[in-house]
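Every number here is computed from the coordinates shown, using simple stated rules; none is lab data. Remember, it's a predicted structure, so these values are computed and weren't measured experimentally. Cβ coordinates were reconstructed from backbone atoms using ideal geometry, including for glycine residues, and neighbour counts include every protein chain displayed.
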Amino acid sequence: MKPSLSLAARDAIVAACLSRPEWECAFRCTWDTAHQMVISATLVARGNAAAVPFLVTQYGRGDIALHTHPLGASLEPSPADLECAQTAARMGVGFGVVAPTGDDMHLILTPDALAPRITPAMRADAPRLRHWRLWRFLLSYLPP
Ligand SMILES: [Zn+2]
């Protein structure tokens with residue numbers, strides 16, 4: 001399922017960018033995992049034509065931090081974007097780039113991708129998992 005924007009989120013992004021679509025804006029967004037959809041977008045910062053601050057205090061676990069790139073520019077993440085995505089990942093926050101027109105979006109990561117890797121069921125299975133890891137370790141020494 002391709003991630004999408006709700007009409008409400010798109011409207012909020014378009015409205016915030018209308019006066020200066022050539023400058024970047026940052027949004028705190030809520031995310032619906034089941035529908036792979038950005039549900040809402042709240043403007044949290046405005047930047048310039050090259051950057052917008054990533055205000056870490058504005059986001060909670062499960063949110064997505066979206067920011068625009070200038071109108072007509074590529075949505076390809078900059079090196080700074082990829083660094084911010086690392087920080088967002090540590091916070092359990094998704095990260096992405098959206099067009100100021102709201103008609104294109106590139107999610108670098110979603111909150112779903114940040115779910116804990118060890119589930120309670122796996123923890124209950126830990127003795128068996130350890131056994132499996134031991135086997136995998138031993139098998140790695142077998143010739144191909
Ligand atoms: Zn960017």
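Observations on the model:
- The packing ranking of peptides 77-86, 13-22, highest mean first, is 13-22, 77-86, where packing means the average number of other beta carbon atoms within 10 angstrom of each residue.
- A simple count of charges around SER40, restricted to other residues whose Cβ falls under 15 Å of its Cβ and scoring Lys, Arg +1 and Asp, Glu -1, yields -1.
- Theoretical FRET efficiency, 1/(1+(r/R0)^6), r = Cβ-Cβ of ASN48 and LYS2, R0 25 Å, to 0.05: 0.25
- Cα shape, segment 4-115, gyration tensor, a/c 1.5 rule: oblate
- Neighbourhood net charge (13 Å Cβ-Cβ; Lys/Arg +1, Asp/Glu -1) for ILE64: -1
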